[in-house]
């Protein structure tokens, strides 16, 4: 790996951690330069603008989400075990040491929901891909006979998505000690309703 690429990866690692604390809007070239011990002009060599930096951070977050949540879960058996692994690994996503301030996607969703531009487009694409991954896992669970044949897999994906983001908000903002327990109870009710008749 080239030295420039190593430097960029180190910068992105710090930028992701910082964005989890201050959000994408709070992430500035100056603040990041201070954190990584570089000049602003040195950072501009890697990111031409704040928006380019935001897009790169979202790319990095997506890549790490795939590494931490998606790829390990896809090694689980097809069907319900895989759906369950995707959910469980997602609940533990914000326990990663590189996210000291919580889920960067959640921060970005609040900041970018009413804006337009490449950062919003990147975030929307990543979240749509994730919802489709959940729906696809549910579709496989139907094929495996774990879920009923008439299941609306996109509705299930919507509800899993909603439960997990609810967990992140209730756990972090409200510091509800029962947030994880309640999220798992909601998930079990959901997959119980989706289960194929025996």
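Quick check on residue 23: is it on the phi > 0 side of the Ramachandran plot and in contact with a helix residue (DSSP H, G or I) (Cβ under 7 Å, 6 or more places away or on another chain)?
Details: on the phi > 0 side of the Ramachandran plot: yes; in contact with a helix residue (DSSP H, G or I) (Cβ under 7 Å, 6 or more places away or on another chain): yes.
It is true that residue 23 is on the phi > 0 side of the Ramachandran plot and in contact with a helix residue (DSSP H, G or I) (Cβ under 7 Å, 6 or more places away or on another chain).
Taking only region 116-143 into account, find how many residues are more than 18 Å from the chain's Cα centre (by Cα) and over 26 Å from residue 53 (Cα atoms).
Number of matching residues: 6.
Restricting to region 37-49, name every residue that is surrounded by 16 or more Cβ atoms within 10 Å (Cβ to Cβ) and either under 18 Å from residue 122 (Cβ atoms) or in contact with a helix residue (DSSP H, G or I) (Cβ under 6 Å, 6 or more places away or on another chain) (or both).
Residues satisfying the conditions are 43, 46, 47.
State all residues of region 166-183 that are under 16 Å from residue 134 (Cβ atoms) and surrounded by 15 or more Cβ atoms within 10 Å (Cβ to Cβ); if no residue qualifies, say none.
Listed by number, the residues that qualify are 167, 168, 183.
Answer yes if at least one residue in region 145-154 is touching a residue at least 60 places away in the same chain (Cβ under 8 Å), crowded, with 18+ Cβ neighbours inside 10 Å, in contact with a helix residue (DSSP H, G or I) (Cβ under 9 Å, 6 or more places away or on another chain) and more than 30 Å from residue 51 (Cα to Cα), and no otherwise.
yes
With region 2-54 as the region, which helices (runs of 4 or more DSSP H) entirely inside it contain at least 1 residues that are within 14 Å of residue 98 (Cβ to Cβ) and either in contact (Cβ under 8 Å) with a residue 24 or more places away in the chain or over 23 Å from the mean Cα position of the chain (by Cα) (or both)?
The helices (runs of 4 or more DSSP H) meeting that bar are 3-26, 29-36.
Report, by residue number, each residue of region 50-77 that is over 19 Å from residue 8 (Cβ atoms) and at pLDDT below 95.
Passing the criteria: none in range.
Restricting to region 82-100, give me the number of residues that are surrounded by 14 or more Cβ atoms within 10 Å (Cβ to Cβ) and either free of Cβ contacts under 8 Å to residues at least 60 places away in the same chain or assigned to a helix (DSSP H, G or I) (or both).
13
The values are calculated or read from the model by the stated rules, or taken from the named source; none is laboratory data. On a predicted model such as this, the values are computed, not experimentally measured, just so you know. Note: ideal-geometry Cβ built from the backbone for every residue, glycine included; neighbour counts use all protein chains shown.
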